[in-house]
């Protein structure tokens, strides 16, 4: 796999949120799924949505970039596992591109964002 292909790989949003959380705060998620950690991962997903495209599998096996309007009106839930739209639909299969995740870490660090 060449570098360009690797950079465009999609990373599940819940994984990206955990990686970003660690790289920004220095705290490990370590499989904890307690309510406070889920809320933190949802906050990380919201921060990422402000600086990069977020994709959802809708319909299944067909990634669709969530629009700015959808992101403004909806919310991330269950530790960035789903996105609930304004009309209550649950979108799954959320993902970001690897290169965007890595750039997002740098942006959030530079901005001094804290999730802990």
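The values are calculated or read from the model by the stated rules, or taken from the named source; none is laboratory data. Model, not experiment: these values are computed from the prediction. Every residue, glycine as well, gets a Cβ built from its backbone with ideal geometry; the counts of neighbours run over all protein chains shown.
Here are a few things to note about the model shown:
- Any hit, region 38-59, residues being assigned to a loop (DSSP other than H, G, I, E, B) and over 23 Å from residue 110 (Cβ atoms): yes
- Test: residue in region 62-71 that is free of Cβ contacts under 8 Å to residues at least 40 places away in the same chain, in contact with a helix residue (DSSP H, G or I) (Cβ under 6 Å, 6 or more places away or on another chain), surrounded by 15 or more Cβ atoms within 10 Å (Cβ to Cβ) and in a helix (DSSP H, G or I): yes
- Condition check for residue 58: surrounded by 13 or more Cβ atoms within 10 Å (Cβ to Cβ), within 16 Å of the chain's Cα centre (by Cα) and free of Cβ contacts under 8 Å to residues at least 40 places away in the same chain: no
- Some residue of region 89-97 being surrounded by fewer than 12 Cβ atoms within 10 Å (Cβ to Cβ) and more than 11 Å from the chain's Cα centre (by Cα): no
- Contact annotation: residue pairs with Cβ atoms under 7 Å, 6 or more positions apart or on different chains, pairing a residue in region 94-113 that is under 12 Å from residue 45 (Cα atoms) with a partner that is surrounded by fewer than 14 Cβ atoms within 10 Å (Cβ to Cβ) and at pLDDT 95 or above, are 104/51.
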